[in-house]
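Notes for the one structure printed next.
No lab work stands behind these numbers, since they all come straight from the coordinates. For clarity, every value in this text was computed on a predicted model and none was experimentally measured. Here the Cβ positions follow ideal geometry from the backbone for every residue, glycine too, while neighbour counts run over all protein chains shown.
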Amino acid sequence: MPGLVTDPSPKTKPELERDAHKLPTADSCWSHFKAVTQLPDMTMAEAKSGCNWLAPGAVNFQYGRKSDWVVQDRSDLELESRRKQWHDFIENKLLPYASYRDRFSGRGIVIVAGNQKSIKRVRVILRALKKLGSQLPIEIHYWDNEMNEEQQKEISSMWPKMYFNDLSAPSNILETNHNGLYINYQLKTAAVMNSRFAEPLLLDSDNIPIMDPESLYESEAYKEYGTLFWPDIARTRPNNPMWAITNTECRMDEYEQESGQLLVDKRKFFYHLQLAAWFNNDHADYYNEFLLGDKDMFRFTWHALKTKFGAPAKWVTSVGTLSDEFYCGHSFAQHHPNGSVAFLHGGLIKTMTKEVMKWQRESRGGIFQVYKRSEFDERHIVNVNVSIKWDGGKYLPDRPKDLGVASCTDFYEVTARPLDEIVPGFEKTFEEIGGYWILED
């Protein structure tokens, strides 16, 4: 496959582009990529030196607590070997942009769905978008026989511009695989690459838009960087091998990425997305040891290729319930670059038991009651006491003995405030768009 050998530029020593995100098209990046692969190798000690929090125990390192690489740093020899692998991919194995650029155009929403529960969540999204007056086309990506023609026809009746793509079909630009009943994070990077849209907005099926997503394309951040990546609640450990593998010093002002929503211009970053898919698909067994699925594959790809990415200034806000002083954050409020809430990503709603959800709905006015937002939400270098905790429903008046346990986020030193302050009337909206389908499932 053509790679850097196709570079038509003069044979002079390549230099890094200071603002690689401003290069007009994917094929403008060749000299920059060559300079990236010629950077001096970074050792683990050098990568770790970027983060020197005075109290590491107070930092939320959510992933990898019991992993061997946390206890014992991976060797510089291993890191060098892995670095050479992705350098070789960039130099020799990229699919050429010129051969595929005519296969995508325009803007639209991309959702990976297919099983019955995810399709029910998609219906909720469609009703929300209709209330917002959105006119963006939507593309559903699924695997093989997850969706039949009858199901596609039914979901198409809810939206005027609906498309479908089978990720297992040989017609795709990028091949991927499927791991049976396991979570298939790699389908998300594949969906972005294989989308018909030049500017896809990747959206999880449990992520409800609060404003018309089309306004994101006109934000200054997106127009500047050609990307919008959103933050998660945790930090990446200083000795996470990915820092050194991508020749990047650990960053104290950066959170992990949360890919419930992601916006990217493929015309500029066609090669970046291929590398993200390579990490997430071809070598997932290795990289998933210290990165949680697809989400940080995007962030570290941009770091690897020394390209800045756009992001909202505000950190994530936790949204949930408050019962007998017990707070359970089940959703993330993610922000538009203008500071308003753009999405409510209910990633932990699916862990809530039906008994708790029913009681909250009938006795407490619903599950969208309160929010917690850090006072340092625009000062990302400041550590905040936040983590995942468990909700066993002890506040229920008639708690079943065999009640399951849900996952919640909490900002422990923040006082919960009424959600109507930042998203007025959302509980009523959630009812209207059929958000409580799970109680009738």
- Query: Which GluC sites (Glu not before Pro) does the range 12-64 hold that lie in a coil by DSSP with at most 16 other beta carbons within 10 Å?
  - Reply: 15
- Message: If you average the C-alpha positions of the range 341-399 and of the range 135-207 separately, how far apart do those two centres end up, in angstrom?
- Response: 29 Å
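Give the Kirkwood hydrodynamic radius (Å, one decimal) of the chain, defined as one over the mean of 1/r across all pairs of different Cα atoms.
Details: mean 1/r = 0.0438 Å⁻¹.
For the chain, the Kirkwood estimate is 22.8 Å.
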- Item | Cβ crowding within 10 Å averaged over residues, with 148-154, 419-425 ranked highest first | 419-425, 148-154
- Item | Relative counts (whole %) of C-alpha pair distances in the range 234-343, using bins that are 5 Å wide | 2, 10, 18, 21, 18, 15, 8, 4, 2, 1, 0
- Message: Using +1 at the C-beta of Lys and Arg and -1 at the C-beta of Asp and Glu, which of 416, 390, 45 has the Cα lying farthest in the positive direction of the dipole of the chain?
- Response: 416
- What ranking of 344, 216 emerges when the number of other C-beta atoms within 10 Å of each C-beta is taken as an exposure proxy, fewest first? 216, 344
- Rounded to the nearest 500, the 222 nm mean residue ellipticity computed for the chain from DSSP H runs (n ≥ 4, each -39500 (n - 2.57)) alone is -8000 deg cm²/dmol
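Using only alpha carbon positions, build the gyration tensor of the range 1-152, then give the equivalent ellipsoid semi-axes as the square roots of 5 times its eigenvalues, largest first, whole angstrom.
Details: eigenvalues 280, 168, 58 Å².
For the range 1-152, the semi-axes come out at 37, 29, 17 Å.
Using alpha-carbon pairs under 8 Å, 6+ residues apart, how would you state the relative contact order of the chain in percent?
Values: 804 pairs, mean separation 79.4, N = 441.
With pairs under 8 Å counted, the relative contact order is 18 percent.
For the range 215-278, state which GluC sites (Glu not before Pro) are in a DSSP loop and have at most 16 other beta carbons lying within 10 Å of their beta carbon. Walk me through the numbers before you get to the answer.
Working: sites: 218, 220, 224, 249, 254, 256, 258; in loops: 249, 254, 256.
Answer by residue number: 249.
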- Tilt of helix 266-277 relative to the longest C-alpha principal axis of the chain, in degrees (0 to 90, nearest 10)? 80 degrees
- Item | Cysteines not pairable in the chain (beta carbon separation under 4.7 Å absent) | 29
- Once Lys and Arg are counted +1 and Asp and Glu -1 for all other residues with Cβ under 13 Å from that of residue 317, the total becomes -3
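If each residue's Cβ is checked for other Cβ atoms within 10 Å, how do 44, 162, 297 rank with the fewest at the top? Could the numbers behind the result be given before it?
Values: 44 20, 162 17, 297 29.
Starting with the residue having the fewest Cβ neighbours, the order is 162, 44, 297.
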- Task: Measure up 223/295; 161/350; 131/394; 120/314; 130/354 against 25 Å on the Cα-Cα distance and list the ones that go over.
- Result: 161/350; 131/394; 120/314; 130/354
- Would you please put 395-404, 188-197, 24-33 in order of how densely packed they are, using the mean number of other Cβ atoms within 10 angstrom per residue and starting with the highest? 188-197, 24-33, 395-404
- Note on the structure: Taking the reciprocal of mean 1/r across every pair of different Cα atoms in the range 99-170, the Kirkwood radius in Å is 13.0 Å
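Which ordering of 426, 164, 298 is given by a fewest-first count of other beta-carbon atoms within 10 Å? Intermediate results must be reported in sequence, preceding the final value.
Values: 426 22, 164 17, 298 28.
By the 10 Å Cβ count, ascending, the order reads 164, 426, 298.
Could you compute the net charge surrounding residue 44? Neighbours are other residues with a C-beta less than 13 Å from the C-beta of residue 44; K and R count +1, D and E count -1. Don't jump to the answer; show the numbers that get you there.
Values: positive: 48, 74, 82, 83, 237; negative: 41, 46, 73, 76, 78, 80, 249.
It works out to a net charge of -2.
Hey, got the dipole for the chain? About the Cα centre, +1 on K and R Cβ, -1 on D and E Cβ, debye to the nearest 20? Intermediate values should be presented prior to the final figure.
Values: 53 positive and 62 negative charges, 64 e Å.
That gives a dipole near 300 debye.
Given the chain, what percent of its DSSP beta bridges are antiparallel, to the nearest 5?
Values: 33 of 46 bridges.
Around 70 percent of the beta bridges assigned by DSSP in the chain are antiparallel ones.
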- Query: Where does the range 317-440 land on Rg(C-alpha)/(2.2 N^0.38 Å)?
  - Reply: 1.05
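Less than 15 Å Cβ to Cβ from residue 108, Lys/Arg counted +1 and Asp/Glu -1: what total charge do the surrounding residues give?
Details: positive: 103, 107, 161, 196, 266, 267; negative: 139, 199, 212, 214, 265.
Cβ neighbours under 15 Å give a net charge of +1.
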- Query: With all pairs of different alpha carbon atoms counted, what Kirkwood hydrodynamic radius in Å does the range 98-304 show?
  - Reply: 17.6 Å
